[in-house]
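In what follows, a structure is listed as structure tokens, so that the remarks can point back to it.
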Amino acid sequence: MLYPRSHNMASCARKYFSFPAMFVLLISVSLSKAALDAHYYDQTCPQAEKIIAEAVRDASAHDSKVPPRILRMFFHDCFIRGCDASVLLDSSTGNQAEKDGPPNISVRSFYVIDNAKAKLEMACPGTVSCADILAIAARDVVAMSGGPNWNVLKGRKDGRVSKASDTITLPAPFFNVTQLIQSFAQRGLGVKDLVALSGGHTLGFSHCSSFEARLHKFSSAHDVNPSMDDEFAEELKKKCPKPNRDHGAGQFLDLTPATFDNGYYAGVVAGKGVFGSDQALFGDYRTKWIVESFAGDQGLFFREFAASMVRLGNVGVLEDGEVRLKCRAVN
């Protein structure tokens, strides 16, 4: 495939994406129809989405960190054992669960899903899976933050297995593009999905520990990662000095962290990607043109993000799982 050249990126991208985006989304829906359906609860729990939206909205009104945490929770769930709510299970005697694995220690706001589940159990007992609650909540936090809306396919079942050791398969913030592509491919997701879903970082925050290696003694030739904007690097150095005793210090991954927009891509184009994996997307021909396309066209990004979220939600859907009565424990 010949990739569009950057000087005419926006127009080329619109031509490239306009039909395939719709086509791929329809393909995803048709392939998943046997297991998942946007109207799955229409008869058995018609108020399900309203109940979940209210729980998410109430929590977000009291804590601005809820939207990025729920979105990250969904990614981390689907990327480990598929979208089966295994990330919600608590550790037990003899088993350390995913939520206690090193990459998930900072995943928070599980209470939001717990609250939604408790209300759903009162309205329609034993009907709505925790996996579906999380998928719907992820859509809701994006939409209420100014991002796109989409029909969430439903009918997932909850898994019974959750192991902290599995979290080592999550893509790391220092991955290069080849590693990222391989990680996404293992989940049936393509390069376009990789770049679109990385845009979820528009709501993200990171502690210094995830990117400080880019700021201090990066290599024998460079103290700071040369792909970083100089002024931005100095700003981050002040927030993350060496040694850094403020364990809560860090940086938002977008200059407008409360709003779901395409600012993340504009930052990456400007050399202000916080993670090495973020900035790497602009340094590789396989992904650079997509980053530039999304930076120049927010509507395009929104359409592709919604389509990729549908595909992500189809990963590892269980046919023989259960509907947990409480999301923190198997039945």
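Name, by its number, the condition in (1) modelled with pLDDT of 95 or more; (2) within 21 Å of Leu312 (Cα to Cα); (3) of a type in the set (A, V, I, L, M, F, W, C) that does not hold for Cys124.
Unmet for Cys124, out of (1) modelled with pLDDT of 95 or more; (2) within 21 Å of Leu312 (Cα to Cα); (3) of a type in the set (A, V, I, L, M, F, W, C): (2).
In the range 37-53, what count of residues is obtained for those that are touching a residue at least 12 places away in the same chain (Cβ under 8 Å) and either assigned to a helix (DSSP H, G or I) or small (Gly, Ala, Ser) (or both)?
Within the range 37-53, residues that are touching a residue at least 12 places away in the same chain (Cβ under 8 Å) and either assigned to a helix (DSSP H, G or I) or small (Gly, Ala, Ser) (or both) number 6.
Please give the number of the condition Thr178 fails out of (1) of a type in the set (S, T, N, Q); (2) crowded, with 24+ Cβ neighbours inside 10 Å; (3) not in a loop (DSSP other than H, G, I, E, B).
Result: Thr178 fails condition (2) only.
What's the total number of residues in the range 216-258 that are among the aromatic types (Phe, Trp, Tyr) and free of Cβ contacts under 8 Å to residues at least 24 places away in the same chain? Even if it seems obvious, please write down each step before you answer.
Initially, the range 216-258 is screened for residues among the aromatic types (Phe, Trp, Tyr), giving 218, 232, 252.
Going one step further and asking which of them are free of Cβ contacts under 8 Å to residues at least 24 places away in the same chain, we end up with 218.
Residues meeting the conditions: 1.
Tell me which of these Gly283 doesn't satisfy, since it passes every other one: (1) open to solvent by 20 Å² or more (accessible area, probe 1.4 Å); (2) under 15 Å from Thr202 (Cα atoms); (3) in contact with a helix residue (DSSP H, G or I) (Cβ under 8 Å, 6 or more places away or on another chain).
So Gly283 meets the others, but not (2).
Among the residues of the range 200-212, are any farther than 25 Å from Tyr285 by Cα, modelled with pLDDT under 95, open to solvent by 70 Å² or more (accessible area, probe 1.4 Å) and out of contact with any helix residue (DSSP H, G or I) (no Cβ under 7 Å at 6 or more places or on another chain)?
So far as the range 200-212 goes, yes, one or more of its residues are farther than 25 Å from Tyr285 by Cα, modelled with pLDDT under 95, open to solvent by 70 Å² or more (accessible area, probe 1.4 Å) and out of contact with any helix residue (DSSP H, G or I) (no Cβ under 7 Å at 6 or more places or on another chain).
Between a first residue in the range 159-176 that is within 13 Å of Gly101 (Cβ to Cβ) and a second residue that is open to solvent by 40 Å² or more (accessible area, probe 1.4 Å), which pairs have beta carbons less than 6 Å apart while being 6 or more apart in sequence or on different chains?
The qualifying pairs are Ala164/Gln96; Ala164/Asp100; Thr167/Pro103; Leu170/Pro103.
Identify all residues within the range 257-305 that are acidic (Asp, Glu), within 17 Å of the chain's Cα centre (by Cα) and over 26 Å from Cys240 (Cβ atoms); write none if there are none.
We begin by selecting, within the range 257-305, every residue acidic (Asp, Glu); these are 261, 278, 284, 292, 297, 304.
Filter again for within 17 Å of the chain's Cα centre (by Cα), leaving 261, 278, 304.
Selection gives Glu304 alone.
Name the helices (runs of 4 or more DSSP H) wholly inside the range 211-299 in which the number of residues that are of a type in the set (Val, Ile, Thr) is 1 or more. I'd like the intermediate steps shown before the answer.
On the way: elements: 230-239, 263-269, 276-280, 285-296.
Fully inside the range 211-299 and qualifying: 263-269, 285-296.
I'd like the residue in the range 213-258 that is hydroxyl-bearing (Ser, Thr, Tyr) and out of contact with any helix residue (DSSP H, G or I) (no Cβ under 6 Å at 6 or more places or on another chain) and, out of all such residues, is farthest from Ala270 (Cα to Cα).
First, the residues of the range 213-258 that are hydroxyl-bearing (Ser, Thr, Tyr): 219-220, 227, 256.
Next, from what is left, pick out any that are out of contact with any helix residue (DSSP H, G or I) (no Cβ under 6 Å at 6 or more places or on another chain): 219-220.
On the way: Ser219: 22, Ser220: 25 Å.
Of everything passing the filter in the range 213-258, Ser220 is farthest from Ala270 (Cα to Cα).
Restrict the check to the range 181-198 and report whether at least one residue is outside any loop (DSSP other than H, G, I, E, B) and modelled with pLDDT under 95. Show your work before the answer.
As a first pass, look at the range 181-198 and keep what is outside any loop (DSSP other than H, G, I, E, B): 181-185, 191-198.
Still in the running and modelled with pLDDT under 95: none.
No, the conditions are met nowhere in the range 181-198.
Quick one: count up the residues across the range 159-175 that are outside any helix (DSSP H, G or I) and under 26 Å from Val268 (Cβ atoms). Even if it seems obvious, please write down each step before you answer.
Here is the first cut: in the range 159-175, the residues outside any helix (DSSP H, G or I) are 159-163, 170-175.
Remaining after also requiring under 26 Å from Val268 (Cβ atoms): 170-175.
So the count comes out to 6.
Going by the structure shown, is Asp132 in contact with a strand residue (DSSP E or B) (Cβ under 9 Å, 6 or more places away or on another chain), farther than 22 Å from Ala38 by Cα, modelled with pLDDT of 95 or more and assigned to a helix (DSSP H, G or I)?
On the way: in contact with a strand residue (DSSP E or B) (Cβ under 9 Å, 6 or more places away or on another chain): yes; farther than 22 Å from Ala38 by Cα: no; modelled with pLDDT of 95 or more: yes; assigned to a helix (DSSP H, G or I): yes.
For Asp132, the condition - in contact with a strand residue (DSSP E or B) (Cβ under 9 Å, 6 or more places away or on another chain), farther than 22 Å from Ala38 by Cα, modelled with pLDDT of 95 or more and assigned to a helix (DSSP H, G or I) - is not met.
Can you pull out the residues in the range 157-170 that are surrounded by fewer than 18 Cβ atoms within 10 Å (Cβ to Cβ) and either in contact with a Leu (Cβ under 9 Å, 6 or more places away or on another chain) or polar (S, T, N, Q) (or both)?
Residues satisfying the conditions are Arg160, Val161, Ser165, Thr169.
The values are calculated or read from the model by the stated rules, or taken from the named source; none is laboratory data. Not measured: the values here are computed from a predicted model. For neighbour counting, all protein chains shown are included, and Cβ atoms are generated from backbone atoms with ideal geometry for every residue, glycine included. Surface accessibility is based on the protein's heavy atoms, side chains included, excluding ligands, DNA and RNA. Shrake-Rupley method; radii C 1.70, N 1.55, O 1.52, S 1.80 Å.
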